[in-house]
Each structure stands twice: as structure tokens, then as C-alpha cells.
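Working notes, structure below.
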């Protein structure tokens, strides 16, 4: 059984959703925190605090892999600078591997075979959940 943490980066938040995959079955694990926020990305202490909170989350919940929903790097829908800083901190976690899935890939997979969204999943966690779920379908 693998525990997978899906992440959607929005503004200064890493929105988290954890699933457990076993033999193709996916189960949502409702854990706290559901978001990790960076208060001030220009403060070394706040950047370190985000990093420490994230690594602690991975270890506490025994996460095996992290799956990040990609953001556009340029154009109208481009991700903000802070979200790319968070992405770098997530990639440097040193505890587990980090994979990426695209929003288009999530949408296409959901159209082919809709994701079974758990009732206890918060609406704001859906993209993170679908990113983790798509990873299980691809592997």
C-alpha cells in the first residue's frame, strides 16, 4: 500500500490531499493539516517554517510519494512567484520523491473515467486529490 500526497499550489498555500492506493483501489485519508501556508516568502524564518512543516507532514503521515499539479510558467494562467518558491521547497524535501501531473491530464482522465470524489473531501482539495489519483492510474 502506497500513501500518496497530492498537492495543488495556490498563492501562498500548498493544498494537500492524501490517498492510499492498494491494488488499484484508492482510499482518501482525511488528515490534518489540509493546507500549509507560508506567511511571508521574503522571511527566511517563514520559508524555513514552511519547509519544516511540510517535511514533518510527510514523515508524520508516512507519505511515499508527492504529486504536484503543474502550473503554467507564463501566460494568463501562470502561477505566481510564491507558488514556484513553494514548489522548489517541496522538491527539496529530502524524504520522498516528487512527481508532476498536468491540469490537462487530470481533466482528460476525469472525462474518460470520472474520479470518485469522497464526500468528506473539501471542495478546495479536489485538484490535489485528482492529481494524486491520476498518479495511481499512470503507475
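Rule-based calculations on the coordinates, nothing more; no lab input. Predicted model, so just to flag it, every value in this text is computed and none were measured. When we count neighbours, we look across all protein chains shown, and the Cβ atoms used for this are built from the backbone with ideal geometry, even at glycine.
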With Cα coordinates, the longest principal axis of the chain makes an angle with the long axis of helix 81-91, in degrees rounded to 10, of 70 degrees
Counting only DSSP beta bridges with both partners in the chain, the antiparallel fraction in percent, to the nearest 5, comes to 65 percent
A student asked for the Cα radius of gyration and Dmax of the chain in angstrom ought to give 14.4, 44
Largest fluctuation, 96, 31, 67 only, Gaussian network model of the chain with Cα springs under 10 angstrom, belongs to 31
Mean separation of Cα contacts under 8 Å (at least 6 apart) over the residue count of the chain, i.e. the relative contact order in percent, is 34 percent
Full extension between residue 76 and residue 2 adds, at 0.36 nm per residue less the Cα distance, a length in nm of 23.0 nm
Per GNM of the chain with C-alpha springs under 10 angstrom, the most fluctuating residue out of 27, 87, 113 is 113
From DSSP H assignment alone, runs of 4+ in the chain each adding -39500 (n - 2.57), the sum over residues rounded to the nearest 500 puts [θ] at 222 nm at -11500 deg cm²/dmol
In nm, the gap between the two label points placed 7 Å beyond Cα toward Cβ at residue 115 and residue 91 is 2.2 nm
For the chain, longest principal axis from Cα atoms; helix 44-60 axis from its Cα atoms; angle between them, nearest 10 degrees, is 30 degrees
Measuring from the longest principal axis of the C-alpha atoms of the chain, the long axis of helix 103-112 (C-alpha) lies at a number of degrees, nearest 10, equal to 10 degrees
